[in-house]
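What follows is a short report on a single structure.
The values are calculated or read from the model by the stated rules, or taken from the named source; none is laboratory data. The structure presented is a predicted model; accordingly, all values stated were derived computationally and were not measured. As a convention, Cβ positions derive from the backbone with ideal geometry for all residues, glycine included, and neighbour counts pool all protein chains shown.
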Amino acid sequence: MHRACLSPEPGAAVRIRRPVAQRLIAAIAAEIAAARGQLFPFVPVALALGIGLYFALPREPQAVEWVGLASAALLLMGLALRGPFAMQPLAGLVALALVGACVAGWRTHQVAAPVLGWHYYGAIEGRIVGIDRSLSDVPRLTLDRVVLERVSPGRTPERVRVALHGAQDFLVPEPGQRVMLTGHLSPPPGPAEPGGFSFARLAWFQQIGAVGYTRTPVLLLDPARADGLRQAVTRLRLRISAAVQAAMPGEPGAFAAAILTGDRSGIGRRTLDDLRGSNLAHLLAISGLHMGLLTGIVFGFVRTGLALVPPLALRWPTKKIAAVVALGAASFYLLLSGGNIATERAFVMVAVMLVAVLLDRRAISLRSVAIAATILLVLRPEALLEAGFQMSFAATVALVAVFGAMRDAHEARRRVPRWAAPVLGVLICSTVAGIATAPVAAANFNRIAEYGLVANLLAVPLMGTVVMPAAVVACVLAPLGLAEPALRVMEMGTRWILFVAEKVAGLEGAVVPVVQPQAWVLPVMALGGLWLAAWPGRLRWAGAAAIALSLGGWSNAPRPDLLVAGTGTLTGFMTPEGRALSKASGELFVARSWLEADGDGAGPAEAAARAEAARQAGALVFDLGGRRVVHLTGRGAAGRVAEHCRDGALIILGAEMAEGRVGQCEVVDQTLLAETGALAVRVGPDGFDMTAARAAQGDRPWTR
């Protein structure tokens, strides 16, 4: 080729094409630079990333590693404040992630308390600090100041939780009472399968070191005493709950008591199932909806009342006075409700918004939501893993983003008739909140309420316009003995809500089972949604790509070919009809957990019927990917291993056996399962690939 073709003419500019990666990095840097000053909503996101990584660690960091993490966080924080201009945002976000990990580690060790390491049967003494109902719909007590027979104080759990079976006619439980009973206690159980929900971790942060049951009567040792504000408030809660249920007998009264005081002990199992099947169970939790309605009603009443007195309205800052009164009402509601995590979360969010009003700032904004999330993550980092936290902030962020966009769309707002604005607002709130929380609910509870939006549109407006205002009026008039009319109005509202729940949950196909997603799916989806809502530039659409990626991963979620319970007495193998269970009764919690994670709507009895063809003379024998699997339980199970040991079979033994292998067989017995926990088995070209629940959890304080 002629040289002249390669040489630019004199004075012509030379255009150099940079590599694609370099141009992409430059574009991202420019985007971040343009977003400076608008990145505060990503502070809790960075903290959450660090907290999530901490809980995902395979082992607990050592002291020297904590020092290293803290030092790195300080160094990066310095770079964020004084470093190169282009590096400051990224350095700040990474520093906050390291801070999140450190905060989570500090919280883990702050709440450390003894955990029972063996099965215990004997006398149990303690003070009642909590009363609720178990999954089997029997009363359940949480006790502190525990004394166990023949167990030293240093090895005694801080708290235990005991379900009360059988006749309990000797005592009406009341917080503050010191009681005695004879019962069974065990360590908090681990996941039903590898990667599943870990009750042991939840119990660690609640300082519950043992759970169990009793079939003997609970006896009173000492009556409740006024030995602290918490106990006094708890007794007030239960007195109010009893008074409300006496005034409104049946399920309406139990529902009203739950939303006023957090006491759900009176609600029946069928009502709970209806509320869950219609996606109205969130009305029971004293969370953002209740706290927002309460403070909004109090704020509106106070400000309107002051506005009706012209001398006060002209001279006093009525808006700020109303905010202070509403904050006081929220504080009292927090105490009255028992101060559970969901209510604390709601209180922090409401308090941040009311303080913003006092400071003449916009009360509802992504910045306010970010402040509330940051406070909660610092105080209770373990809340990040809870469905309530995830659903609450998913709904709040989505609503703030959508209504913020609507606020900026002045032309569209002018086209909406004034009479239609409240109706449209309710419709948008329910739709947006339902869409935002549906993936979180599906990932945590493995089901979608098909008609949940309809149920919420029929019930939530009444909750805000009838039930909660009547509750506020009843609370104000109760000291005067004039609460009866307000309670009757409240009862009518609660009856309607329960009617809607029953009818919607009873519709065919009301609940759609959903398969359990892989561990990475929900975090990627949440990050994508937050990015889409909060990022101020064109890169926000990368959030949509992250959501699409997570949905694609969810649709391909694999499930194990075989699941083995930690006791060895229950197995479930996959068939074309769904998972087949080795038995229909016993270990129902584990069985239901497996079926729900499969996205299988069958119950344990129906799933057990699928295994009928595999039952042979005291054994369950089935083919798994061309390989023989045998499950042996019952009396003499260990003695029947040899007769089934052939063709390289895998034998699951619901008993103990001295040797792990017999001939060409591999035996999984209770001794091995005590070390591994539940097992997930997949069949590959090289044989059985087993994953242990304990190994998946790692070496963490709540697994030791």
For the subset of region 367-386 comprising residues that are surrounded by fewer than 20 Cβ atoms within 10 Å (Cβ to Cβ) and touching a Phe, Trp or Tyr at 6+ places or on another chain (Cβ under 7 Å), which member is nearest to Gly543 (Cα to Cα)? Arg367
Based on what the data block shows, is Pro223 in contact (Cβ under 8 Å) with a residue 24 or more places away in the chain, out of contact with any Cys (no Cβ under 8 Å at 6 or more places or on another chain) and surrounded by fewer than 19 Cβ atoms within 10 Å (Cβ to Cβ)? yes
Please return the ranges of helices (runs of 4 or more DSSP H) entirely within region 289-399 where 2 or more residues are within 28 Å of the chain's Cα centre (by Cα), modelled with pLDDT under 90 and not hydrophobic (A, V, I, L, M, F, W, C). 318-336, 341-358, 366-379
Take the residues of region 519-550 that are farther than 23 Å from Arg36 by Cβ and in contact (Cβ under 8 Å) with a residue 40 or more places away in the chain: which is surrounded by the fewest Cβ atoms within 10 Å (Cβ to Cβ)? Ala519
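Would it be correct to say that Leu260 is part of a helix (DSSP H, G or I), modelled with pLDDT under 85, out of contact with any Gly (no Cβ under 8 Å at 6 or more places or on another chain) and surrounded by fewer than 22 Cβ atoms within 10 Å (Cβ to Cβ)? Talk me through it step by step, then tell me what you get.
Values: part of a helix (DSSP H, G or I): yes; modelled with pLDDT under 85: yes; out of contact with any Gly (no Cβ under 8 Å at 6 or more places or on another chain): yes; surrounded by fewer than 22 Cβ atoms within 10 Å (Cβ to Cβ): no.
Answer is no for this residue.
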Condition check: farther than 30 Å from Glu508 by Cβ and modelled with pLDDT of 80 or more. Does Glu450 satisfy that? no
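Could you identify the single residue in Thr575, Thr633 that is at pLDDT 85 or above, over 28 Å from the mean Cα position of the chain (by Cα) and under 17 Å from Val515 (Cα atoms)?
None of the other options fit; the residue is Thr575.
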Quickly run through region 133-150 and pick out the residues that are exposed (fewer than 14 other Cβ atoms within 10 Å of the Cβ) and in a strand (DSSP E or B). Arg145
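For every residue, the table says whether it meets (1) crowded, with 19+ Cβ neighbours inside 10 Å; (2) in a helix (DSSP H, G or I).
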{"site": "Arg201", "(1), (2)": "yes, yes"}
{"site": "Trp204", "(1), (2)": "yes, yes"}
{"site": "Ala210", "(1), (2)": "yes, no"}
{"site": "Thr216", "(1), (2)": "no, no"}
{"site": "Thr234", "(1), (2)": "yes, yes"}
{"site": "Arg239", "(1), (2)": "no, yes"}
{"site": "Gln245", "(1), (2)": "yes, yes"}
{"site": "Phe255", "(1), (2)": "yes, yes"}
State all residues of region 606-626 that are surrounded by 13 or more Cβ atoms within 10 Å (Cβ to Cβ) and touching a Gly at 6+ places or on another chain (Cβ under 7 Å); if no residue qualifies, say none. Ala607, Arg610
Would you please name the residue that is surrounded by the fewest Cβ atoms within 10 Å (Cβ to Cβ), looking only at residues in region 318-366 that are more than 19 Å from Leu384 (Cα to Cα) and of a type in the set (D, E, K, R)? Asp360
Can you tell me which residue in region 505-518 is surrounded by the fewest Cβ atoms within 10 Å (Cβ to Cβ), limited to those that are of a type in the set (A, V, I, L, M, F, W, C) and in a strand (DSSP E or B)? Val512
